[in-house]
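Everything below concerns the one structure shown next.
Any read-out appearing in this document is the output of simple, stated calculations on the displayed coordinates, not a laboratory observation. Worth saying up front: this structure is predicted, and the values here are computed from it rather than measured. Cβ: placed from backbone, ideal geometry, glycine included. Neighbour counts: every protein chain shown.
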Amino acid sequence: MAVIHDVMPAFELFQPATIGDAVTLLNRYGSDAWIMAGGMDSFDWLKDRIKRPKVVIDLSQVESLRGIKAVENGLEIGAGTTLTAIVRDPQVRDKFGLLAEAAELVASPQIRNQGTVGGNVSQDTRCWYYRAGWSCYRAGGNICYADTPTAINREHAILGADRCVAVNPSDTAPALVALDAQMVIQSAGGIRLVNAEDYFVGPDVDITRMTALAPGELLTAIRIPSTWAGARFYFEKVRDRNVWDFPLLNVASAARFAGGKIDKIRIVINAAAARPLRLHAVEAAVVGKPRNEQTAELAGQIAIEGAQALRYNAYKIPLMRNLVKRAIRGNGSDT
Amino acid sequence: MDFVKWGLNPWGQNILTHVSWTLFWASLFAGLMFLVAHGSYMLLSAHRKRPETETDRLEAAHANLPARVERHSLMARLFHWVMAAAMFVLLFTAFLPVVGVQIAWVTWHWIAGLVLTGSILFHIVHASFFLDFWSIWVGPKDIPEIKAELLRELGREVPGPKSGKYPLGNRLYHMAIVVAGLSAVLSGVLMMSRVRTPIFTRNPYLFGDVTWGVTYVAHGLAGVGLVGLVIAHVYFAVRPEKWWITKSMLLGWITRRQYLEHHEPERWRVTANPPTSRS
């Protein structure tokens, strides 16, 4: 297939100045509209001519989507806030270092300067079969080209696969799930709040979407409750190139300790499935146990139960086990 | 309006992928319109039933028949309700996501599909060896009955034959459900080779892209067809004048009078009670 990378097919461009105007446009154009925040994912799709929206709604002029502010019982981060702004924000660094660390490991400085947190959590999967424009399940077809005997699927799913084996590539998503964040979604019908854990959708529920955002809806902000402020955090990302790359796997955890034992914990792994997976069984198993090698070993074993390797991604299973072990026991550099 | 969806395979060929969900809405609309049309017809038409006096006469003449006539054996009823449950699970899991209800539907769908397949296989064996196999089919021999039923529906009093064990509508519906149901089951079993189940080893290359496309379209067409057919079936099951049939699918029997009113004793023979020793 000839791919032309220098020009995009024509579309109607809107640059609303307010959230209200953006929502009105989304309501008017529905599934014909493409939401563009930082453009880091959008331009790939548009230049490759795989997605051909009739309308692009550029959110760069919506000032109210940007910024981080303290609210009652936590922080509210505008969905249009850049990843760099999150990394540098003293409130985030002070209370929610997990998110700052995750955001700092996204791609490269240039991309973090332009990319937004809303875009980072809502970005599409990087499965190249899907992004090549073939009619796979995720594109509305009836096959997963990445789950065939000859597929190149080193980066694909080991858990939660249901026909499609694509994974979620976000670094900030697992951190937000671990922090028990809420996503603020606005549409013509009003505002709804969705827990970060439920914002991400697996192929078993909807094989063509990665988030709960329906046509006509806009992610406007992310609220992080103070529940986990100042907790012990751990974030680790494994990637092929440390300069910049998508995760092969990443892990995020937030824990509180009491009397030398784990009192409360949330632990989330991403790039193992099409949605960040909160490891409920691991959490239940380690609460009340001391933070040591034995507990870490137990957590690692439980984490990989049910994991199923494809042809080229079996390495992800021991990698996931080890990341969960490290998250439990910490490596001395956790925030 | 598109009836089917096309896609592009890695070789740049256009391939069929699915039916358009427009057909689902069309089938739903057609099913509901049929209800409105039939309901209106039943209110306004002059369709003829067998006169009560004639039924009285028949009942007097067949007093030796049992008071309760078995219409559906326990096995036949079990098959029917298992199949009905499986069909509802299949339709809801298939189409709730289409109307925007997000559920993890695939596992429930293929499990219900296997239950339906098993019940159909059972039914084929049961009907072939333990029931009157031909009583449910419609053929050239039924033309006089079809003609008589049509004339009665138009308000004419005609002496033509009544139904055998199954009313004409039952038999026509059975033919439609055989076509749609078997299409859905056969294509569905093949499609299971593309999903992870503990039963089949996945083999996405079982067929080429074109054959898979045809299989998916056949499954979709059968599925949307079943939406309309099931709506019609449920509608007739709850209509007051058909309630005696529905009741027989629950209890297994109909009364002697219902048997004589709606059926032709010559075409559905019921064994008479043996004469008592005093007679």
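Which entries in A:Lys69/A:Lys316; A:Lys69/A:Lys264; A:Lys95/A:Lys289 show an alpha-carbon gap greater than 31 Å? Each step should come with its number before you reach the end.
Numbers: A:Lys69/A:Lys316 38 Å; A:Lys69/A:Lys264 26 Å; A:Lys95/A:Lys289 25 Å.
Pairs exceeding 31 Å: A:Lys69/A:Lys316.
Tell me which of A:Ser187, B:Leu65, B:Val210 sits at the most positive position along the dipole axis of the protein assembly as shown, charges placed on C-beta atoms (Lys, Arg +1; Asp, Glu -1).
Of A:Ser187, B:Leu65, B:Val210, it is B:Leu65.
Can you give the relative contact order of chain B as a percent, counting alpha carbon pairs under 8 Å and 6+ residues apart? Display every interim value, and only then the final one.
Values: 290 pairs, mean separation 90.1, N = 279.
Once normalised by length, the contact order is 32 percent.
Average partner chain C-beta neighbours within 10 Å, per residue of A:127-135? Before the final figure, lay out each step's value.
Working: counts 0, 0, 1, 0, 0, 2, 3, 7, 13.
Mean inter-chain Cβ contacts per residue within 10 Å come to 3.
With the dipole of segment B:4-262 worked out from charges on the C-beta (+1 for Lys and Arg, -1 for Asp and Glu) around the Cα centre, which of B:Ala222, B:Ile120, B:Asn14 lies farthest toward the positive end?
After comparing all options, I get B:Ile120.
Order of A:63-74, A:11-22 by packing, highest average Cβ count within 10 Å first? Show your work: numbers first, answer last.
On the way: A:63-74: 14.2, A:11-22: 15.7.
In descending order of packing, they fall as A:11-22, A:63-74.
Rounded, prolate or oblate: which fits chain A, taking a ≥ b ≥ c as square roots of the Cα gyration tensor eigenvalues, rounded meaning a/c under 1.5, else prolate when a/b beats b/c?
Working: a/c = 1.95, a/b = 1.25, b/c = 1.56.
Here chain A falls in the oblate category.
Using 0.36 nm per residue, how much length does the chain from B:Val82 to B:Ala272 gain when fully extended, once their Cα-Cα distance is taken away?
Details: separation 190, 0.36 × 190 = 68.40 nm, distance 3.18 nm.
Stretched fully, the B:Val82-B:Ala272 segment lengthens by 65.2 nm.
Roughly speaking, what is the stretch gain from B:Ser73 to B:Arg239, that is 0.36 nm per residue apart minus the C-alpha to C-alpha distance, in nm to one decimal?
Values: separation 166, 0.36 × 166 = 59.76 nm, distance 2.29 nm.
Roughly 57.5 nm would be gained on extension.
Report Rg (one decimal) and Dmax (nearest whole number) for the protein assembly as shown, counting Cα atoms only, units Å.
31.5, 106
Taking the Cα centre of the protein assembly as shown as the origin and placing charges on Cβ (Lys, Arg +1; Asp, Glu -1), which of B:Pro144, B:Ala37, A:Thr81 is farthest toward the positive end of the dipole?
B:Pro144
Helix-only estimate, please: 222 nm mean residue ellipticity of chain B, summing -39500 (n - 2.57) across DSSP H runs of length 4 or more and dividing by its residues, to the nearest 500.
On the way: 9 runs with 160 residues, N = 279.
Using -39500 (n - 2.57) per qualifying helix, the result is -19500 deg cm²/dmol.
What distance in nm lies between label points placed 7 Å from Cα along the C-beta direction at A:Gln15 and A:Arg241?
Those two pseudo-labels are separated by 3.1 nm.
Order the peptides B:90-97, A:281-288 from the highest to the lowest mean number of other Cβ atoms within 10 Å of their residues.
Answer by packing, highest mean first, reads B:90-97, A:281-288.
Could you give the length gained by full extension between B:Val36 and B:Lys247, i.e. 0.36 nm per residue of separation minus their alpha carbon distance, to one decimal place?
73.6 nm
So which trypsin sites (Lys or Arg not before Pro) in segment A:228-279 are both in a DSSP loop and have at most 15 other Cβ atoms within 10 Å of their Cβ? The partial results should precede the final answer.
Values: sites: A:Arg232, A:Lys237, A:Arg239, A:Arg241, A:Arg256, A:Lys261, A:Lys264, A:Arg266, A:Arg278; in loops: A:Arg239, A:Arg241.
Counting only loop positions with at most 15 other Cβ atoms within 10 Å, the trypsin sites (Lys or Arg not before Pro) in segment A:228-279 are A:Arg241.
Treat the count of other C-beta atoms within 10 Å as a stand-in for reagent exposure and order A:Ile35, B:Ile111 from fewest to most. Write out the running numbers ahead of the final one.
Numbers: A:Ile35 23, B:Ile111 16.
So the residues, fewest neighbours to most, are B:Ile111, A:Ile35.
Evaluate peptide A:300-309: per residue, the Cβ atoms of other protein chains within 10 Å of its Cβ; return the mean as an integer.
Working: counts 0, 0, 0, 0, 0, 0, 0, 0, 1, 0.
Shielding by partners across A:300-309 averages 0.
Could you list A:Asp204, A:Asp147, B:Asp132 in order of exposure, starting from the residue whose Cβ has the fewest other Cβ atoms within 10 Å?
Working: A:Asp204 19, A:Asp147 24, B:Asp132 12.
Ranking A:Asp204, A:Asp147, B:Asp132 by Cβ neighbours within 10 Å, fewest first, gives B:Asp132, A:Asp204, A:Asp147.
In whole percent, what relative contact order does chain A give with Cα contacts below 8 Å and a gap of six or more residues? Before the final figure, lay out the partial values.
On the way: 762 pairs, mean separation 56.4, N = 335.
It rounds to 17 percent for chain A.
Measure out, as a whole number of angstrom, how far apart the alpha-carbon centroids of segment A:187-235 and segment A:42-60 sit.
Result: 22 Å between the Cα centres.
When the scattering of segment B:105-220 is computed by the Debye formula from its Cα atoms alone, each counted once and equally, what is log10 I(q)/I(0) at q = 0.13, 0.14, 0.17, 0.22 Å⁻¹?
-0.69, -0.75, -0.90, -1.19
Please say if segment B:4-262 is rounded, prolate or oblate, where rounded means a/c under 1.5 for a ≥ b ≥ c the square roots of the C-alpha gyration tensor eigenvalues, and otherwise the choice is prolate for a/b larger than b/c and oblate otherwise?
Working: a/c = 2.51, a/b = 1.92, b/c = 1.31.
The shape class here is prolate.
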